[in-house]
Amino acid sequence: MRAWRPVLVVTALSIALAGCGSAATTGTSTTTAASAAPSGPWSFTDGSGKVVKADKTPTRIIAHAGEAAALMSFGIKPVGIYADESVKTDANLKDLDLTGIEILGQEWGKIDVEKAAALRPDLIVGDWWPAEKAHSGLEEGVDEKSKKLAELAPVVGVSQGKSIVDLAKGYEDLAKSLGAKVDAPEIAANKKRFEDAVATFKEAVAAKPDLTVAAMSPADDKLYFANPEYAPELLDFQRWGMKVINPESPDPGFPYWENLSWENADKYQPDLILFDGRSYKPTSNADWGKKQPTWFKIKAAKAGAVVAWPAYWLHTYGHFATELDKLTAAVKTADPNIGD
């Protein structure tokens, strides 16, 4: 998650493969009926721009939560997953069958590297974050032992760059390189559902050209106002016609947000608030109004013009379609004059 935590550069991707494709004492094979990994050689261009190569196609993959969900949507089943929260509540994983997958961590910054090593991975998959120049889960502030995950196998991932569509396509390309049949009917159906959701979203936004929107994440100490430049889903919304407000003064050290004191919570007055919907932010619009009375100085918050924002977790066409439909419904009922 990218609300408060900076990350550090991980171990170089040139670590040699160890035990590529060999059996482990625990865990399961990554391949499923939807995939049949080719023997190799194998290569993939990481989000950092580096090309990761191997003599054999990786088959024993450990992945961060969202990245695991992306691979599983194409039939690639990891042997291990590490998550930032309980796999039962993680938006990417909560509806997936994780039977046979070793859970290596359910708290940010804490990965059981000994369990990971027993899985004998030949690839670790985590998003590449351009602002931090690092991969998911191997960040500044994590437990020192957890950082050793990057010593077990090469780390590769798609960039959290300018579009969730690009991110989903990147994981489709990675899955294909690992042997997935990305033209399977169920995959095509999810893509079609996503395309339809985008078309409906565009129509709803075009019908309300004056509607302004802002993405926010309230916390005890301050109100975090999202910077679309570092949030690919918000850039997609802007690209599709939504007027998502860009903050005037993002934090120079961590530019995902402009950090507003609660006294200045009403600096911006959007017509519709996209409220950080991640599970570690469980309180509602009404709850924040009770906890921080200045929250209701934002006219949209006072009016209840709030919808969940899928902040930094989307990885698949299917999830994006579902969340986009929710947002479209909110746009259709939104009043473009609230923020005036």
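Converting phi to 3J(HN,Hα) with the Karplus coefficients 6.51, -1.76 and 1.60 and the offset θ = phi - 60°, region 104-113 yields 9, x, 9, 8, 4, x, 10, 10, 7, 6 Hz in sequence order, with x at every glycine or proline.
Largest to smallest in accessible area, the residues H135, H319 fall in the order H319, H135 (1.4 Å probe, all protein chains included).
Taking amide H positions as modeled 1.01 Å from N, with prolines and chain starts lacking one, the residues under 5 Å from A83 and 5 or more places away or on another chain are L104, G105, Q106, E107.
Taking a straight line from the alpha carbon of K110, these aspartates and glutamates sit under 18 Å away, with near neighbours fewer than eight places off in the same chain left out: E67, D84, E85, D90, E102, D127, E139, E140, D143, E144, E151. Beta bridges from DSSP with both residues in the chain: antiparallel share about 40 percent, rounded to the nearest 5.
What relative contact order, as a whole-number percentage, does region 205-340 give when Cα pairs under 8 Å and 6 or more residues apart are counted?
Numbers: 223 pairs, mean separation 38.7, N = 136.
Value for region 205-340: 28 percent.
In the structure displayed, which of K222/K297; K145/K222; K169/K243; K145/K169 lie more than 21 Å apart, Cα to Cα?
Numbers: K222/K297 14 Å; K145/K222 31 Å; K169/K243 25 Å; K145/K169 33 Å.
Where the Cα-Cα span goes over 21 Å, the pairs concerned are K145/K222; K169/K243; K145/K169.
In this structure, the pairs whose alpha-carbon distance is over 22 Å, taken from K208/K299; K88/K115; K53/K115; K208/K291, are K53/K115; K208/K291.
Relative contact order of the chain, please, whole-number percent, based on alpha carbon pairs below 8 angstrom and at least 6 residues apart.
Numbers: 725 pairs, mean separation 61.3, N = 340.
Result for the chain is 18 percent.
Please list, by residue number, every one of the GluC sites (Glu not before Pro) in region 86-171 that is coil in DSSP and has at most 10 other beta-carbon atoms within 10 Å. Kindly include the intermediate steps, with their values, before the conclusion.
Working: sites: E102, E107, E114, E132, E139, E140, E144, E151; in loops: E132, E139, E140, E144.
Hits after loop and neighbour filter: E144.
Between W313 and any residue 5 or more places off or on another chain, the built amide H atoms are never under 5 Å apart. Of the solvent-accessible surface of the chain, computed with a 1.4 Å probe and all protein chains present, 52% belongs to carbon and sulfur.
Computed over the Cα atoms, what is the radius of gyration of region 73-149 divided by 2.2 N^0.38 Å, N being its residue count? Each step should come with its number before you reach the end.
Details: Rg = 12.5 Å, N = 77, 2.2 N^0.38 = 11.5 Å.
Taking the Cα Rg and dividing by 2.2 N^0.38 Å, one obtains 1.09.
Helix 317-333 and the longest principal axis of the Cα set of the chain meet at an angle near 0°. Of all lysines in the structure, the ones whose alpha carbon falls short of 19 Å from that of K56, not counting any fewer than 8 places away in one chain, are K77, K176, K181. In this structure, the amide hydrogen of A308, modeled 1.01 Å from its nitrogen in the peptide plane, lies closer than 5 angstrom to those of F275, counting only residues at least 5 positions away or on a different chain. Helix 164-177 axis versus longest C-alpha principal axis of the chain: approximately 10°, rounded to the nearest ten. Think of it as helices only: each DSSP H run of n ≥ 4 in the chain is worth -39500 (n - 2.57), and spread over all residues that comes to -7500 deg cm²/dmol at 222 nm. Rounded to the nearest 5, the antiparallel percentage of DSSP beta bridges internal to region 212-340 is 40%. Counted over region 82-226, the DSSP beta bridges are approximately 55% antiparallel.
What shape does region 289-340 have by the C-alpha gyration tensor, where a ≥ b ≥ c are the square roots of the eigenvalues, rounded means a/c under 1.5, and otherwise prolate means a/b greater than b/c and oblate the rest? Since a/c reaches 1.5 but b/c is at least a/b, the shape of region 289-340 is classed as oblate.
Solvent exposure of region 189-292, expressed per residue, is 43 Å² of accessible area, with all protein chains present and a 1.4 angstrom probe. In order along region 236-241, phi translates into HN-Hα couplings of 4, 4, 4, 4, 8, x Hz, rounded to whole numbers, per the Karplus curve 6.51 cos²θ - 1.76 cosθ + 1.60 with θ = phi - 60° and x for Gly and Pro. Computed from phi, the 3J(HN,Hα) profile of region 85-93 under the Karplus parametrisation 6.51, -1.76, 1.60 (θ = phi - 60°) reads 7, 4, 5, 7, 10, 4, 4, 6, 10 Hz, with x in place of Gly and Pro. In a DSSP loop and with at most 14 other Cβ atoms within 10 Å, the GluC sites (Glu not before Pro) in region 161-259 are E248. Looking at region 49-119, none of the chymotrypsin sites (Phe, Trp or Tyr not before Pro) sits in a DSSP loop with at most 13 other Cβ atoms within 10 Å of its own Cβ.
The values are calculated or read from the model by the stated rules, or taken from the named source; none is laboratory data. Note that the coordinates shown come from a computational prediction; the quantities given were computed from them, not determined experimentally. Here Cβ is always computed from backbone atoms with ideal geometry, including for glycine, and neighbour counts include all displayed protein chains. These area figures cover heavy atoms from the full protein model, side chains too; ligands, DNA and RNA do not enter into them. Shrake-Rupley method; radii C 1.70, N 1.55, O 1.52, S 1.80 Å.
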